[in-house]
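S.K.: Take this structure, written in structure tokens, and hold onto it; I'll ask about it next.
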There are 2 protein chains.
Amino acid sequence: MINRFNGLIAVLCCAGLVSACLSDPDSADGGVMPEPEVVSEPPASVSGMARVSSPDGALEFMLDASSSAPLWSLTYDGQTVIAPSALGFRFADEAALERGLSVTATREASHDSEWEQPWGERRFVRDHHNEIVISLRETSNDQRGFDLRVRAFDTGIGFRYEVTDGGNRDQTRRITEELTRFVVSPKANAWWIPGTGWNRYEYPYQKTHIDAFSDAHTPLTLQLPDDGPYIAIHEAALIDYSGMVLKQRRPGVLQADLAPAPDGTKVTRTGAFTTPWRTVQVARDAVGLINSDIILNLNAPNTMGDVSWVKPGKYVGIWWEMHINRSTWGSGERHGATNENTRRYLDFAAEHGFDGVLVEGWNTGWDGDWFFNGAEFSFTQAHPNFDIEALSAYANEKGVALIGHHETSGHLTNYETQMADAFALYGRLGYRHVKTGYVADVADLVRVDAAGIERREWHYGQYAVNHHIRVLEEAAKHRIAINAHEPVKDTGLRRTYPNWLTREGARGQEFNAWGNPPNPAEHVAMLAFTRMLSGPMDYTPGIFDLMPNGPDDENRVRGTIAAQLAHYVVLYSPLHMAADLPENYEARPDLFQFIKDVPTDWDRSIALDGAVGEYVVFARKDRASPDWYLGAVTDDRPRDLVVPLTFLEEGRNYTATLYRDGENASWRAAPYEYAIESRRVSADDRITLNLASGGGVAIRFVVEKE
Amino acid sequence: MINRFNGLIAVLCCAGLVSACLSDPDSADGGVMPEPEVVSEPPASVSGMARVSSPDGALEFMLDASSSAPLWSLTYDGQTVIAPSALGFRFADEAALERGLSVTATREASHDSEWEQPWGERRFVRDHHNEIVISLRETSNDQRGFDLRVRAFDTGIGFRYEVTDGGNRDQTRRITEELTRFVVSPKANAWWIPGTGWNRYEYPYQKTHIDAFSDAHTPLTLQLPDDGPYIAIHEAALIDYSGMVLKQRRPGVLQADLAPAPDGTKVTRTGAFTTPWRTVQVARDAVGLINSDIILNLNAPNTMGDVSWVKPGKYVGIWWEMHINRSTWGSGERHGATNENTRRYLDFAAEHGFDGVLVEGWNTGWDGDWFFNGAEFSFTQAHPNFDIEALSAYANEKGVALIGHHETSGHLTNYETQMADAFALYGRLGYRHVKTGYVADVADLVRVDAAGIERREWHYGQYAVNHHIRVLEEAAKHRIAINAHEPVKDTGLRRTYPNWLTREGARGQEFNAWGNPPNPAEHVAMLAFTRMLSGPMDYTPGIFDLMPNGPDDENRVRGTIAAQLAHYVVLYSPLHMAADLPENYEARPDLFQFIKDVPTDWDRSIALDGAVGEYVVFARKDRASPDWYLGAVTDDRPRDLVVPLTFLEEGRNYTATLYRDGENASWRAAPYEYAIESRRVSADDRITLNLASGGGVAIRFVVEKE
């Protein structure tokens, strides 16, 4: 990792305090870890309170252990964001860690550094926070307890449990409940998806008062009443633990609810362990939630060494044609994954500069009810229609890579048994990316245990969480990056495992083919402030034939064609698909030019303006050039937005090419009305964006040669 | 038990087939068990299907084991009520019983009998059903499997699993999931309360499309689309098992979700065992759900021998005055449970013919935060203000009994440790009824295990379910009947344990004192078709001061004073409270007369008319006289109902005394407007009920002497 020092940022790092640094489990990147400034052993009589504030002083985390059970809380400019909230664990095999805990030590530190992403929405990430480690031990038995490591950033806080081993490194603990609560105003507004729905994270977001849901996935976006600040609750660095859903125990009282293992316990760990970070972002304006790097900063640095082989890019593929029922995954007359069809896509990709071609249905196992027959899939045996050796050679000749596809239907064991061979095959043939898939009911992933008993795992339970990491590590051996569909949610692990390029984990484009109803017009403006807070998404944008089932079918794109271009900028993914059929792009070369031009790796990204689920405006600077891009989308309502171009480099002129909605455009009546226009602009200009109902705008700003 | 043979009912009982009868686990009542009519061992090739129909043929249960997993379904007049739905179990320690099951035997029987309730909403209950026992065994291992015992009544079906012990009587099984599903139309309407809310069952019912909830308690009332039939899903005979919530896995797909034990498993059983009955009532009209006895019929007969000491009745008590903040449970200047105050209530009860006086706050442990300090309660130590010996003697002199109170705040172990002594004390002092209480978060009942570790139990988990039965058995030793508040839901166990007189288990009257908001105007018309399907409820009706916090406070009764009288007939409870303060009754002796007159034990009960959550009309015949009573309530909307009096005995005249809303009455503007009038009526008459907004009517029909 690279530490970049510049004039703005003072780095306080642990010069000469190596032992303290090494005690931090994240210290793999060496010199950027916090300096312990205070190590205190408060007398028992004043052991009740501990605090840490953000560098700007606006956020304050407080722990109060003065009563029977420790409670944490959070204020923002003095206003309560999180009211006193519980902490702790219950276990299957020993007493809970919940009450009778005292603060036995605190250790404070400050940290400011910058690190570089190998790829990302921005190249350099500043990590500026204050930290406190609060040691809580039972008064009755000081071998039992945990440390709470809390980091306060200007844009939010994170804390995690560091559970000590009580002097027994072999102690296995079965956690039956994590008691962490987040108590917010019962009058808050919430934008949420149900936390235990069968279809994993693939639901349209709802806006309601907070008390309308019983459980919600994270990131959960809230706004405190009376135009109060925006909050997003999530977690970071979900490793060897179960994913957290927020269960509403009573109005505004959200409690961690971990996905269970098949035996009903939640998490099993041996010896000392740390939990994922529990995070609360806070921002005055909704876009402030987006312009935050705390999730990445709370993840450990890259553990994979040289990852220059991980390549962002754009791809096309044999995928949408199945969703609109022109071809099939399984074999038969309409089998999509044929040699001929694959060559057609490879030719198209090469001609238009795409990096990869995804082919789904290339392997055996698709014939039958594949939703339930995950055991049938082979990950090394190509279907006879798909000459994998010849097609790979053809792709390599053309400078394009095939993108692998591993649909598991959630049969984890079948996949794990084959995956070493599967990645070796792809590695040998020059594949660089693999899309994995876990289409299954959220609670019905299949694992065959050592005794041969079939167990059912949750998509975001501890076993599945670790499965994804095993896949990343196996793929890395063959220099392959992963794009996981029906995955566990993102918690920023791309920092630690940079070959986890992107994933799904939300309602994607395919719902517009058959979603009944399709994604609502507000969907992308909703995703930007919710799902996208967690990390990149392979939404598969770029549908040009907006009514593939015909004009009378409910299932269609509820957006304009200009909005489809805007999605490439609004939705960050290092790997973006151009999802439509080649012929639909060839029919509209003028619009297609934007998809060909837009990069997927960025030097900087800024959410400029927006309102949750209503509209959002992003500006992003290309990593490989001085060019900027802007994307904006709106919901059902047309709107005019005035955007100052202050993000452009001062003193330079740019040619801005706008791909915008036509004057009479609207997603319902005139989705194909668009205009493309160019003008000269500079950082001193303002630009007015005229968005239609369901509309959008995409702009490319190319620096004029001097 | 008494079998009553009459001309209408043919009894098919197991003459000469004792061995078959004894194989039925419910056969404790001897001669009323079904005759096995067919014992078949179908050849494997046709082993896939089994059916049973209701006596009238309208309902048909079908099991289809022809594909990989057995599926059950239910039709009503040929229309699908329950689409093919899963069955089975997952276990912690062995493979699931879910797939690869074949029908290895079926046994059919018919049954028709009548049995007598010691007390109840009707004296004689007809049990008329057809039965099939379907043996399902694994093709790979015929030691493993279960029998499905299905009973089809005209008003609904019930089935339960009878899980064999696989040849090992000592085998302990930890169930991690019961897989039973109830797949209904995703367009059904639902009237529901949330299944996992902290406040147990104490929520206002909501009417929505079924897909609006993620989990719901049972009884869950549904209506199929297009004015289809009404359905109620529930369970019967919940013993040594965890209560079932219905989790909506996808729209219309409801799956059993059992409350977990502290270690995350759901149920632990040793050897062969049976589950509670899973019940589906079906009715063309909503009142048909009420006029059904299948829950009682699916419970085992009385196991307690002579229960003539279990007495229905009416009571007053020191209770409402705490809810309206005139006195306190804890000690201090306003302590309610003083000698003086208790004597005042005893005098009032004796004067007006009440059977009992409840005194809450009589014991030690109330001072402090009693919601969380259940360990502090003594159940034998009276507060110094309460001379239990002298007050009991005074009560006995007056012919009134004190009603005991055991608030546990959910600390099960503290209560179990003391309860033998506590019931012995009450028994010695002449108490006949005890109100138990479990005020605590639904998931936070406290149990201290054998190792001294504090565990948290769910209100409707296996341990708490069994706790209630231990309480009943201990109480029975001292001839005491139980009225459980914050209980597990009713599943008809009053048949087996007739000292379980009544319980709470829904939002009761106290919410009108402080509910913020109070119970909605529709609440009782909602309860009648939902909560009340499970059994009696101690709603504590009869509030005469409808605005105890003053006219400007939101917390008030959202109903008229006449409706308060109607509740005594609409809501069945063998033990009904007159909940208000004595002085409020003394101020309105004319209305109070109805409360004094109305019985709490019935010969017959009929739901005459109604619509879920809108209105309902009940007629009930006194068990001790030929008199009839009628009660009707409406929601927010006034309505006029014409009721034929055909329930009255033909050829006799009755003096009907109506307690009705005044002409300008409405709960909001004029709740105290009422009229009392008498008229002569007979079975040939029709009566028009004029119900105000939030209104009601109560009628007493007294037979004229001939």
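S.K.: Of everything in the stretch A:505-520, what is out of contact with any helix residue (DSSP H, G or I) (no Cβ under 9 Å at 6 or more places or on another chain), more than 30 Å from A:LEU298 (Cα to Cα) and small (Gly, Ala, Ser)? Give them in sequence order.
M.R.: A:GLY515
Matching residues to (1) farther than 30 Å from B:SER308 by Cα; (2) basic (Lys, Arg); (3) within 14 Å of another protein chain (Cβ to nearest Cβ); (4) part of a strand (DSSP E or B):
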{"position": "B:ASP93", "(1), (2), (3), (4)": "yes, no, yes, no"}
{"position": "B:THR104", "(1), (2), (3), (4)": "yes, no, no, yes"}
{"position": "B:HIS111", "(1), (2), (3), (4)": "no, no, no, yes"}
{"position": "B:GLY120", "(1), (2), (3), (4)": "no, no, no, no"}
{"position": "B:HIS129", "(1), (2), (3), (4)": "no, no, no, yes"}
{"position": "B:SER140", "(1), (2), (3), (4)": "yes, no, yes, no"}
{"position": "B:ARG151", "(1), (2), (3), (4)": "yes, yes, no, yes"}
{"position": "B:PHE159", "(1), (2), (3), (4)": "yes, no, no, yes"}
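S.K.: Picking from B:LEU74, B:LEU97, which residue would you name as being touching a strand residue (DSSP E or B) at 6+ places or on another chain (Cβ under 6 Å), open to solvent by less than 10 Å² (accessible area, probe 1.4 Å) and within 14 Å of chain A (Cβ to nearest Cβ)?
M.R.: B:LEU97
S.K.: Would you be able to tell me the number of residues in the stretch B:298-321 that are buried (at least 20 other Cβ atoms within 10 Å of the Cβ) and touching a Phe, Trp or Tyr at 6+ places or on another chain (Cβ under 7 Å)?
M.R.: Adding up the residues that qualify gives 8.
S.K.: Would you pick out the residues in the stretch A:183-203 that are farther than 30 Å from A:GLY410 by Cβ and more than 14 Å from chain B (Cβ to nearest Cβ)?
M.R.: A:VAL184, A:SER185, A:ALA188, A:ASN189, listed by residue number.
S.K.: Here is a check on your reading of the model: is B:ASP552 of a type in the set (D, E, K, R) and in contact with an Asp or Glu (Cβ under 8 Å, 6 or more places away or on another chain)?
M.R.: It is false that B:ASP552 is of a type in the set (D, E, K, R) and in contact with an Asp or Glu (Cβ under 8 Å, 6 or more places away or on another chain).
S.K.: Do you know which residues across the stretch A:174-187 are touching a strand residue (DSSP E or B) at 6+ places or on another chain (Cβ under 7 Å) and buried (at least 19 other Cβ atoms within 10 Å of the Cβ)?
M.R.: Within the stretch A:174-187, A:ARG174, A:ILE175, A:THR176, A:GLU177, A:GLU178, A:THR180, A:ARG181, A:PHE182, A:VAL183, A:VAL184 qualify.
S.K.: Still on this structure: Specify the residue that is farthest from the other protein chains (Cβ to nearest Cβ); the eligible residues are those in the stretch A:77-91 that are part of a loop (DSSP other than H, G, I, E, B) and surrounded by 19 or more Cβ atoms within 10 Å (Cβ to Cβ).
M.R.: A:LEU87
S.K.: Only one of (1) away from chain A (no Cβ under 14 Å); (2) closer than 27 Å to B:TRP198 by Cβ; (3) surrounded by fewer than 24 Cβ atoms within 10 Å (Cβ to Cβ) is not met by B:TYR438, so which one is it?
M.R.: Unmet condition: (3).
S.K.: Which condition from (1) within 16 Å of the chain's Cα centre (by Cα); (2) away from chain B (no Cβ under 14 Å); (3) of a type outside the set (S, T, N, Q) is the one that A:VAL245 breaks?
M.R.: Just one mismatch for A:VAL245, condition (2).
S.K.: Taking B:GLU235, is it within 14 Å of chain A (Cβ to nearest Cβ) and either small (Gly, Ala, Ser) or in contact with a helix residue (DSSP H, G or I) (Cβ under 9 Å, 6 or more places away or on another chain) (or both)?
M.R.: no
S.K.: What single numbered condition from (1) open to solvent by 30 Å² or more (accessible area, probe 1.4 Å); (2) touching a helix residue (DSSP H, G or I) at 6+ places or on another chain (Cβ under 8 Å); (3) under 20 Å from A:LYS435 (Cβ atoms) fails to hold for A:GLY399?
M.R.: (3)
S.K.: Going by the structure shown, is A:PRO536 open to solvent by less than 10 Å² (accessible area, probe 1.4 Å) and in contact with a helix residue (DSSP H, G or I) (Cβ under 8 Å, 6 or more places away or on another chain)?
M.R.: In short, no.
S.K.: Does B:PHE379 fit the bill of being in contact with an Asp or Glu (Cβ under 8 Å, 6 or more places away or on another chain) and closer than 25 Å to B:MET577 by Cβ?
M.R.: So B:PHE379 passes the test.
S.K.: Then there's this: Using the structure shown, decide if B:VAL448 is over 30 Å from B:ALA393 (Cβ atoms), open to solvent by 30 Å² or more (accessible area, probe 1.4 Å) and either in contact with a helix residue (DSSP H, G or I) (Cβ under 6 Å, 6 or more places away or on another chain) or among the aliphatic types (A, V, I, L, M) (or both).
M.R.: Judged against the criteria, B:VAL448 is a match.
S.K.: Just to be sure before I move on: is B:ALA261 in contact with a Lys or Arg (Cβ under 9 Å, 6 or more places away or on another chain) and within 11 Å of chain A (Cβ to nearest Cβ) in the structure I sent?
M.R.: yes
S.K.: Looking only at residues that are out of contact with any Asp or Glu (no Cβ under 6 Å at 6 or more places or on another chain), surrounded by 18 or more Cβ atoms within 10 Å (Cβ to Cβ) and not in a strand (DSSP E or B) in the stretch B:38-68, which one is modelled with the lowest pLDDT?
M.R.: Among them, the one singled out is B:SER47.
S.K.: Looking only at the stretch B:206-224, filter to residues that are within 30 Å of B:SER409 (Cβ to Cβ) and surrounded by 23 or more Cβ atoms within 10 Å (Cβ to Cβ); which one of those is farthest from the other protein chains (Cβ to nearest Cβ)?
M.R.: Taking the candidates together, the pick is B:PRO219.
S.K.: Additional query: Residues of the stretch B:254-272 being surrounded by 20 or more Cβ atoms within 10 Å (Cβ to Cβ) and on the phi < 0 side of the Ramachandran plot, which ones?
M.R.: B:LEU254, B:GLN255, B:ALA256, B:ASP257, B:LEU258, B:ALA259, B:PRO260, B:ALA261, B:PRO262, B:THR265, B:LYS266, B:VAL267
S.K.: Of the residues B:GLU504, B:GLU454, B:GLU510, which single one is open to solvent by 10 Å² or more (accessible area, probe 1.4 Å), more than 14 Å from every other protein chain (Cβ to nearest Cβ) and of a type in the set (Asp, Glu)?
M.R.: B:GLU510
S.K.: Take the residues in the stretch B:353-396 that are out of contact with any strand residue (DSSP E or B) (no Cβ under 8 Å at 6 or more places or on another chain) and part of a helix (DSSP H, G or I), then tell me which one is surrounded by the most Cβ atoms within 10 Å (Cβ to Cβ).
M.R.: Going through the qualifying residues, I end up with B:TYR394.
S.K.: Residue by residue through the stretch B:683-706, note down the ones that are open to solvent by 20 Å² or more (accessible area, probe 1.4 Å) and out of contact with any strand residue (DSSP E or B) (no Cβ under 6 Å at 6 or more places or on another chain).
M.R.: Within the stretch B:683-706, B:ASP684, B:ASP685, B:LYS705, B:GLU706 qualify.
S.K.: Going by the conditions given, is B:VAL163 among the β-branched types (Val, Ile, Thr) and crowded, with 23+ Cβ neighbours inside 10 Å?
M.R.: no
The values are calculated or read from the model by the stated rules, or taken from the named source; none is laboratory data. Just so we're clear, the structure is a prediction, and the values are computed from it rather than from any experiment. Positions of Cβ are generated from backbone atoms using ideal geometry, with glycine treated the same way; all protein chains shown enter the neighbour counts. Heads up: the accessible areas ignore ligands, DNA and RNA and are worked out on the full protein's heavy atoms, side chains in. Shrake-Rupley method; radii C 1.70, N 1.55, O 1.52, S 1.80 Å.
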